[in-house]
2 protein chains.
Amino acid sequence: MKPWMRAELPKVEAALDAWVPAESPAQLGEAMRYAVLDGGKRLRPLLALAAARSADAGDESAAMRAACAVELIHAYSLVHDDLPCMDNDVLRRGKPTVHVQYGQAQALLAGDALQALAFELLVPGDDIMPPGLSAQLCRLLAQAAGVQGMAGGQAIDLACVGQTITRAQLEHMHRLKTGALLKASVLMGAACGGVTGDAWLALMQYGNHLGLAFQVVDDILDVVGDAATLGKTAGKDALNDKPTYVALLGLDAARAFADQTLAAAHAALEASQLPHVQALHELADLVGGRNH
Amino acid sequence: MKPWMRAELPKVEAALDAWVPAESPAQLGEAMRYAVLDGGKRLRPLLALAAARSADAGDESAAMRAACAVELIHAYSLVHDDLPCMDNDVLRRGKPTVHVQYGQAQALLAGDALQALAFELLVPGDDIMPPGLSAQLCRLLAQAAGVQGMAGGQAIDLACVGQTITRAQLEHMHRLKTGALLKASVLMGAACGGVTGDAWLALMQYGNHLGLAFQVVDDILDVVGDAATLGKTAGKDALNDKPTYVALLGLDAARAFADQTLAAAHAALEASQLPHVQALHELADLVGGRNH
């Protein structure tokens, strides 16, 4: 992890701490805070902040809102994904999952409320964020979270359990399930940075490649990692009979595919001709280097 | 039901039909459409459309988006509320609930995707809706749906099962659980109608009173209604040991309170001095007259 990342992480934590309410009806905020604070790697916020600074026109305050909004969507998806009717996971980031700690009903509501809060962060008022930017950020986030994004990808994931699927189908699932929100992190940051035109399209390519690489590496880690390193139960994919790149390609070919995809992400940054892409390069390295 | 309501309902159905996708990954859209189409009374869309027309500056296209967005939030909340870990209801609008039809995991995802779609409807692009209006509508909806609105109210509801609570606590729960979204329906419509200032505050009061009346009448119906009239299982509140106005006040006093609250809603409309409030008066009558 680079020094700039170490410097940004406490700011992200402080912003999340300020925006996820401690005072709330019936301790719902407590469950939301448990789901969000103290534990995530904050890859999505770092992507948003780095993309916002890639041009010279970054709006830091808007970028932090975008960064936290994507993280809230990510956090809610984990809470719902861990529920017994989904992956039925009891350990996440080294802690009991939200439904283990607070019960299934409160976990369901905490996830629901986190999704609403993500959008609320993006519409703080015209005096704080230009309404055109608010609307653009909400659009990017809603599309990435919804039926043609993360939720749709999870539905494919459910439908694929125990099925033999092709590499193209696996890639389609991951582009939606995890890729859409990672790409949205980059593009929401880019919107805060005033990036447009060809540079915008280049960052979209970067986000696409990075999202795919992230998932391939995740599949590799599920095989070679252990619970202590991952902060979650290892070997779950095989146990749940879920299709993965490792199952489909084998470990060596999966590693080669991850490297190839990361190289394409780096190349997209070069092609963007944006002045400040070093941080985005380093985040691609971070994704690639996750212990695999 | 008034002629104007009969005329609007097919338009609302057509808009929902167009906006909730039939084509989708892994039939997720099918579960979403099952949850939304063919069956709701569409009170919230009618409130939004009527409020949008209360002034002379209504934006009909924006109002229909606002109307459908609140209905999608309402629909998602029902899907999640019916899940076994919440109310465990098997019948809704006379049909098997979504998780009975599609399984719990798909129901969870359908609800999640409906929430995202609600926000997506409000940010169609600056050429279709002014970004300032998009941002305002997203703000009203996010606040009404989140921890200080509907989700928070549901958390209180969960915490109250089997508890003895005061009338003030019961009212607080309902203001969040159902009142917030009903009020948002009115205010989102009002925003599309260009309502501001004292008239805005008057419509907020109307929304507050109407939301409360709705819940009191709902509690009454749960006691005196039957499944055929309600389209859902009757007597669930008592069965689930949930606090209600009828349990707290008795049936006669609950009816008197409903009438008093509806009268306050009508009075707020009079005080608004808006030119076209007849439709909103009629919707208050509709809420009051729901077979109680």
Margin query: Just checking, does the stretch A:181-196 include any residue being over 30 Å from B:LYS177 (Cβ atoms), free of Cβ contacts under 8 Å to residues at least 40 places away in the same chain and assigned to a helix (DSSP H, G or I)?
Written below: yes
Next item on the list: Taking only the stretch B:53-90 into account, find how many residues are more than 10 Å from every other protein chain (Cβ to nearest Cβ), closer than 29 Å to B:GLU282 by Cα and of a type outside the set (D, E, K, R).
Entry: 18
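Residue by residue, here is whether (1) more than 7 Å from chain B (Cβ to nearest Cβ); (2) free of Cβ contacts under 8 Å to residues at least 12 places away in the same chain holds:
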residue: A:THR97; (1), (2): yes, no
residue: A:ALA105; (1), (2): no, yes
residue: A:LEU121; (1), (2): yes, no
residue: A:ASP127; (1), (2): yes, yes
residue: A:LEU137; (1), (2): yes, no
residue: A:ALA142; (1), (2): no, no
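Quickly run through the stretch B:1-47 and pick out the residues that are in a loop (DSSP other than H, G, I, E, B) and away from chain A (no Cβ under 14 Å).
Of the residues in the stretch B:1-47, the ones in a loop (DSSP other than H, G, I, E, B) are B:1-2, B:20-24, B:37-42.
Selection gives B:MET1, B:LYS2, B:LEU37, B:ASP38, B:GLY39, B:GLY40, B:LYS41, B:ARG42.
Kindly check whether there is at least one residue in the stretch A:139-148 that is β-branched (Val, Ile, Thr) and buried (at least 24 other Cβ atoms within 10 Å of the Cβ).
Within the stretch A:139-148, one or more residues are β-branched (Val, Ile, Thr) and buried (at least 24 other Cβ atoms within 10 Å of the Cβ).
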Note to self: I need a count of the residues in the stretch B:76-89 that are touching an Asp or Glu at 6+ places or on another chain (Cβ under 8 Å) and surrounded by fewer than 20 Cβ atoms within 10 Å (Cβ to Cβ).
What the structure shows: 2
Next item on the list: Only residues that are touching an Asp or Glu at 6+ places or on another chain (Cβ under 7 Å) and either β-branched (Val, Ile, Thr) or on the phi > 0 side of the Ramachandran plot (or both): list them for the stretch B:118-165, please.
Entry: B:VAL161, B:GLY162
Next item on the list: Within the stretch A:134-169, track down each residue that is at pLDDT 95 or above and outside any helix (DSSP H, G or I).
Entry: A:GLY146, A:VAL147, A:GLN148, A:GLY149
Margin query: Need the failing condition index for B:ALA66 against (1) aliphatic (A, V, I, L, M); (2) under 25 Å from B:ASP157 (Cβ atoms); (3) assigned to a helix (DSSP H, G or I), just the number.
Written below: (2)
Item checked: Evaluation of A:ILE165 against (1) free of Cβ contacts under 8 Å to residues at least 12 places away in the same chain; (2) within 14 Å of chain B (Cβ to nearest Cβ); (3) among the β-branched types (Val, Ile, Thr) (one fails), failing number -> (1)
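Where residues in the stretch B:246-292 are among the polar types (S, T, N, Q) and closer than 29 Å to B:THR166 by Cα, which of them is farthest from the chain's Cα centre (by Cα)? Show your work before the answer.
Narrowing the stretch B:246-292 to residues among the polar types (S, T, N, Q): B:260-261, B:272-273, B:278, B:291.
Keeping just the survivors that are closer than 29 Å to B:THR166 by Cα gives B:260-261, B:291.
Numbers: B:GLN260: 21, B:THR261: 17, B:ASN291: 18 Å.
So, considering only residues that are among the polar types (S, T, N, Q) and closer than 29 Å to B:THR166 by Cα, the one farthest from the chain's Cα centre (by Cα) is B:GLN260.
In this structure, does A:MET129 turn out to be outside any loop (DSSP other than H, G, I, E, B) and either at pLDDT below 95 or not hydroxyl-bearing (Ser, Thr, Tyr) (or both)? Talk me through it step by step, then tell me what you get.
Numbers: outside any loop (DSSP other than H, G, I, E, B): no; either at pLDDT below 95 or not hydroxyl-bearing (Ser, Thr, Tyr) (or both): yes.
No, not satisfied.
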Checklist line | Top-ranked residue in the stretch A:90-111 [being more than 22 Å from the chain's Cα centre (by Cα) and not polar (S, T, N, Q); ranked as surrounded by the fewest Cβ atoms within 10 Å (Cβ to Cβ)] | finding: A:GLY103
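The values are calculated or read from the model by the stated rules, or taken from the named source; none is laboratory data. Quick caveat: nothing in here was measured; it's all calculated off a predicted structure. Every residue, glycine among them, receives a Cβ derived from its backbone with ideal geometry; neighbour counts consider all protein chains shown.
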